[in-house]
């Protein structure tokens, strides 16, 4: 079930629309849709499932998270399948994660996409033309106006950004994996835990690489999370084309990483 923690995070600069962020947190706490106990599990393990509406997009589409957990779960892992609407492989990984058996003690939060408008249009940005992975309030700069990498009018200006910030503050996952395409690797740039980066590389059969956005990333989810919240956030980049085998292999590897030792 959704934990309730005090928010001790702070941001590099004032976030416009702060009331919107708090409203999203309230939605996360109360908007539980369809609890499904007894989902597929490893032998003898009961897996519970509930769907949470964490906010809405610019065009009013629901941003949804699916919580799957086995009895005894204490260490949440969150997987965000898609931030950029034209990168679809991660959403396929999340669908596969909803089907897999879970070992005892597993706790998964699955976000198929945090950009449903972009996914519907097959577009990198949200409906206002903002690259959500340039919009988080950590190392934010005003850049890219008129391009698909526009950081937006201000830090955390977008409802999708605010929704995911609210979810992360509430859940406080031990591990966050954000799936992208097409660079093919596990990102070591500004990594909070190289142990986790190397483990993901081994489990997913991906090289460890530094994706520095050609000179320095700004406004990314992983940077914001790693500076402001407990736990570790890592970017996993799949290739431009992800086969069904790659999707299944990635999902199985993520379950292994999420399973308590």
**Request:** Would you mind classifying the stretch 181-237 by shape? Square roots of the alpha carbon gyration tensor eigenvalues, ordered a ≥ b ≥ c; an a/c under 1.5 is rounded, otherwise it is prolate if a/b is larger than b/c and oblate if not.
**Result:** oblate
**Fill in**
Ordering 194-204, 129-139, 92-102 by per-residue average of other C-beta atoms within 10 angstrom, highest first, gives 129-139, 92-102, 194-204
**Message:** Full-extension gain between residue 45 and residue 198, please, as 0.36 nm times their residue separation minus the C-alpha to C-alpha distance.
**Reply:** 52.2 nm
**Asked** Separation of the stretch 115-167 and the stretch 63-83 by C-alpha centroid, Å?
**Response** 22
**Request:** Calculate the tail of P(r) for the stretch 112-261: the fraction of all Cα-Cα distances greater than 24 Å, expressed in %.
**Result:** 32
**Request:** Normalise the Debye intensity by I(0) for the stretch 62-134, one equal point scatterer per Cα, no solvent, then take log10 at q = 0.27 Å⁻¹ and round to two decimals.
**Result:** -1.13
**Fill in**
A correct fewest-to-most ranking of 244, 104, 212 by other Cβ atoms within 10 Å would be 244, 212, 104
**Asked** residue 248 versus residue 75, label points 7 Å from Cα toward the beta carbon: distance in nm?
**Response** 2.8
**Prompt:** Once you put a point 7 Å from the Cα of residue 142 and another 7 Å from the Cα of residue 183, both along the Cβ direction, what distance in nm separates them?
**Reply:** 2.6
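Values in this text are rule-based calculations from the coordinates and carry no lab data. Nothing here was measured: the structure is a model prediction, and the numbers come from that model. Positions of Cβ are backbone-derived with ideal geometry, glycine not excepted, and every protein chain shown enters the neighbour counts.
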